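Notes follow once the structure below has been shown.
The values are calculated or read from the model by the stated rules, or taken from the named source; none is laboratory data. These numbers come from a predicted model, not from an experiment. No Cβ is skipped: glycine too gets one built from the backbone with ideal geometry, and neighbour counts run over all protein chains shown. Keep in mind that these areas ignore ligands, DNA and RNA; they rest on the heavy atoms of the full protein, side chains included. Shrake-Rupley method; radii C 1.70, N 1.55, O 1.52, S 1.80 Å.
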Amino acid sequence: MAHFPSGVNTAPNGDAEILSLDGEEPKVIYSVDFSEICEPLRFHEDNTSIYMTSNKGDSDLTQLVLLNIETGEESLVDKDENDRVDLQTAMFSDVSNKLIATVYFDDKAKVVWKDKEFERDHEWLKRKLPDKEIEFKSSTQDETVWVVSAQSDVEPGETYLFDRTNQKLALQYRAYPQLPRAALATMKAIRYKSSDGLEIPAYLTLPKGIEPKNLPLIVYPHGGPWERDYWRFNEYTQFLANRGYAVLQMNFRSSTGYGKSFLRAGNHQWGDLMQDDITWGVRHLVHGGIADPNRVGIMGLSYGGYATLVGVTKTPDTYAAAFAVVAPPDLVTLTESLPVYWDAFMIHWYDRVGNPNSEIDRKRMVRQSPLTHVAKIKTPLVIVQGANDSRVHKRDSDRMVVALRDREFPIKYLVAPNEGHSFKKPINVLSTYTTAEKFFAEHLGGRFQEDVSDEVETRIREITVDPNDVKTSQ
């Protein structure tokens, strides 16, 4: 195979560029603007073109394309046949160098096979492992023996060794082997319209063995916000469903995977239309008789925590309990204090969230900050913070707690001294969710585990901060 010296570069204006290094000076052979995507994957077997993902120009969705290196001509190879979601990935053979399959994530994963033999193998695996999403992971050099994984909403993950020649499948291990699969709750895809008519894809997990009528509901928006939820096992969703709650996860506008226009629909909409996408999901379930309007809680981490704080300031009558983890209450100070390693991403941040150096943006960001509207909060609230968080600084959570304390509003505040933006230590995670289940049980009526280990009880006491002891610094 011929080798073509190339590189990927981010231009000063944020544009992504693919460079030819086959000369004295690098030459741009393909570029997209900062709000688009292009990524070279591998050479076509003819060695004159490269496979790429791209959503350049008029293409709303990320597609698989071929780029001719010499002519710059771009040709479409594959896209979602339903025009709903981006290309997730492409699978190639290292033996033939040919495209084997493309993968898309809509409500569930969808594989489009380009190789008939692999397609037959996949069909055989689906018969052996029904109702699971199956993924080819790695193989022997001749691609006759593969490591494959299988997972679903009620299967955290199984890993097998698959002999293609002899059609033999051997289990290697299961994730969480002691977890009883039969006790897990199923997740189903739903869709509903938001305040402006935009269709919002979402997932609903219902508690097992309970009639789906007038249930307590916990809304669980994802972080990012430039991520998305998938149909798959989620330990926190299962935890909440096990305690008797319906759990709603929605891919609000700005979520990835649904094209440029869906992502851009969230630009400058933190706390506005993005929040409507959450609120209208609650209304959808209440109107359908699934959720009890008097027993709705909201919980989230990072952006999900921000959405939690907005929920209790913008629509305080919607929620009976709220649990916000590493939640930014002030968009201006959040933006101004983002760590140095975010510098390359700031052009995207300013485009999507706002630039405090712009008077118009700053005014809007102040309005969209939950701290600005703290006087409207009447929902029981827990705030959880990592003391070493380099993104959502502890000082901002302190300001939120002090503002609530000063209006004599009861607030529970947990601060883990040895955590950052994402809690890693098991004792801190256990303490956080032990607090959450008891809190939601008190306000929404779900179950909670009464027998808690001495270690967890001690840790909860250690990280619980008296609001009267909190001081703020500007």
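Among the residues of the stretch 14-42, what is the count of those that are open to solvent by 50 Å² or more (accessible area, probe 1.4 Å) and among the β-branched types (Val, Ile, Thr)?
Within the stretch 14-42, residues that are open to solvent by 50 Å² or more (accessible area, probe 1.4 Å) and among the β-branched types (Val, Ile, Thr) number 2.
Being in a loop (DSSP other than H, G, I, E, B) and either polar (S, T, N, Q) or within 22 Å of the chain's Cα centre (by Cα) (or both) is the filter here, so list the residues in the stretch 131-158 that pass it.
The initial filter retains those residues of the stretch 131-158 that are in a loop (DSSP other than H, G, I, E, B), namely 131-132, 140-144, 153-154.
Listed by number, the residues that qualify are LYS132, THR140, GLN141, THR144, ASP153, VAL154.
Specify which of the listed residues (ASP361, ASP396) is of a type in the set (D, E, K, R) and open to solvent by 20 Å² or more (accessible area, probe 1.4 Å).
Numbers: ASP396 fails: open to solvent by 20 Å² or more (accessible area, probe 1.4 Å).
Of the residues listed, the single one that is of a type in the set (D, E, K, R) and open to solvent by 20 Å² or more (accessible area, probe 1.4 Å) is ASP361.
Within the stretch 79-105, count every residue that is farther than 18 Å from ARG120 by Cα, more than 22 Å from the chain's Cα centre (by Cα) and surrounded by 19 or more Cβ atoms within 10 Å (Cβ to Cβ).
Qualifying residue count, the stretch 79-105: 1.
Restricting to the stretch 404-427, give me the number of residues that are in a loop (DSSP other than H, G, I, E, B), of a type in the set (Asp, Glu) and open to solvent by 30 Å² or more (accessible area, probe 1.4 Å).
We begin by selecting, within the stretch 404-427, every residue in a loop (DSSP other than H, G, I, E, B); these are 407-410, 417-425.
Still in the running and of a type in the set (Asp, Glu): 408, 419.
With open to solvent by 30 Å² or more (accessible area, probe 1.4 Å) added as a condition, the list becomes 408.
Residues that pass the stated criteria total 1.
Mind checking which residues of the stretch 172-198 are assigned to a strand (DSSP E or B) and surrounded by 11 or more Cβ atoms within 10 Å (Cβ to Cβ)?
Going through the stretch 172-198, the residues assigned to a strand (DSSP E or B) turn out to be 172-174, 187-193.
Scanning the stretch 172-198 gives GLN172, ARG174, MET187, LYS188, ALA189, ILE190, ARG191, TYR192, LYS193.
Could you tell me how many of the residues in the stretch 18-58 are hydrophobic (A, V, I, L, M, F, W, C), in a strand (DSSP E or B) and in contact with an Asp or Glu (Cβ under 7 Å, 6 or more places away or on another chain)?
From the stretch 18-58, those hydrophobic (A, V, I, L, M, F, W, C) are 18-19, 21, 28-29, 32, 34, 37-38, 41, 43, 50, 52; that's our starting set.
Restricting the remaining residues to those that are in a strand (DSSP E or B) gives 18-19, 28-29, 32, 38, 41, 43, 50, 52.
Then keep just the ones that are in contact with an Asp or Glu (Cβ under 7 Å, 6 or more places away or on another chain); that gives 28, 32, 52.
Qualifying residue count, the stretch 18-58: 3.
Can you tell me which of ASN68, ASN55, ASN82, ASN47 is of a type outside the set (A, V, I, L, M), in contact (Cβ under 8 Å) with a residue 40 or more places away in the chain and over 17 Å from ALA16 (Cβ atoms)? So that I can check it myself, show each step before the final result.
Working: ASN68 fails: in contact (Cβ under 8 Å) with a residue 40 or more places away in the chain; ASN55 fails: over 17 Å from ALA16 (Cβ atoms); ASN82 fails: in contact (Cβ under 8 Å) with a residue 40 or more places away in the chain.
After ruling out the rest, the residue left standing is ASN47.
Can you name the residue in the stretch 292-311 that is touching a helix residue (DSSP H, G or I) at 6+ places or on another chain (Cβ under 8 Å) and not in a strand (DSSP E or B) and is also nearest to ARG391 (Cα to Cα) among such residues?
Of everything passing the filter in the stretch 292-311, TYR306 is nearest to ARG391 (Cα to Cα).
What number of residues within the stretch 159-168 are in a strand (DSSP E or B) and surrounded by 15 or more Cβ atoms within 10 Å (Cβ to Cβ)? Before the answer, list the steps.
Step one: list which residues in the stretch 159-168 are in a strand (DSSP E or B), which gives 159-163, 168.
From what is left, the residues that are surrounded by 15 or more Cβ atoms within 10 Å (Cβ to Cβ) are 159-160, 162.
Adding up the residues that qualify gives 3.
Does PHE323 fit the bill of being under 19 Å from the mean Cα position of the chain (by Cα), over 24 Å from ASP396 (Cα atoms) and either of a type outside the set (S, T, N, Q) or open to solvent by 10 Å² or more (accessible area, probe 1.4 Å) (or both)? Break it down into steps so the answer makes sense when it comes.
Numbers: under 19 Å from the mean Cα position of the chain (by Cα): yes; over 24 Å from ASP396 (Cα atoms): no; either of a type outside the set (S, T, N, Q) or open to solvent by 10 Å² or more (accessible area, probe 1.4 Å) (or both): yes.
No, not satisfied.
One residue is enough: does the stretch 378-389 have a residue meeting the conditions of a type outside the set (Asp, Glu), open to solvent by 60 Å² or more (accessible area, probe 1.4 Å), in contact (Cβ under 8 Å) with a residue 12 or more places away in the chain and closer than 26 Å to PHE345 by Cβ?
Residues of the stretch 378-389 of a type outside the set (Asp, Glu): 378-388.
From the residues that got through so far, the ones that are open to solvent by 60 Å² or more (accessible area, probe 1.4 Å) too are 378, 388.
Narrowing further to those that are in contact (Cβ under 8 Å) with a residue 12 or more places away in the chain: 378, 388.
From what's left, closer than 26 Å to PHE345 by Cβ: 388.
There is at least one residue in the stretch 378-389 that is of a type outside the set (Asp, Glu), open to solvent by 60 Å² or more (accessible area, probe 1.4 Å), in contact (Cβ under 8 Å) with a residue 12 or more places away in the chain and closer than 26 Å to PHE345 by Cβ.
So, ILE100, is that one in contact with a helix residue (DSSP H, G or I) (Cβ under 7 Å, 6 or more places away or on another chain) and among the β-branched types (Val, Ile, Thr) or not?
Working: in contact with a helix residue (DSSP H, G or I) (Cβ under 7 Å, 6 or more places away or on another chain): yes; among the β-branched types (Val, Ile, Thr): yes.
It is true that ILE100 is in contact with a helix residue (DSSP H, G or I) (Cβ under 7 Å, 6 or more places away or on another chain) and among the β-branched types (Val, Ile, Thr).
Kindly list the number of the only condition in (1) out of contact with any Phe, Trp or Tyr (no Cβ under 8 Å at 6 or more places or on another chain); (2) surrounded by fewer than 18 Cβ atoms within 10 Å (Cβ to Cβ); (3) within 22 Å of GLY266 (Cβ to Cβ) that fails for TRP342.
It fails just one condition, (1).
Restricting to the stretch 439-455, give me the number of residues that are surrounded by 15 or more Cβ atoms within 10 Å (Cβ to Cβ) and assigned to a helix (DSSP H, G or I).
Residues that pass the stated criteria total 5.
Give the residue that is farthest from HIS393 (Cα to Cα), with candidates limited to residues of the stretch 428-437 that are without any contact (Cβ under 8 Å) to a residue 40 or more places away in the chain and open to solvent by less than 30 Å² (accessible area, probe 1.4 Å).
Here the answer is THR434.
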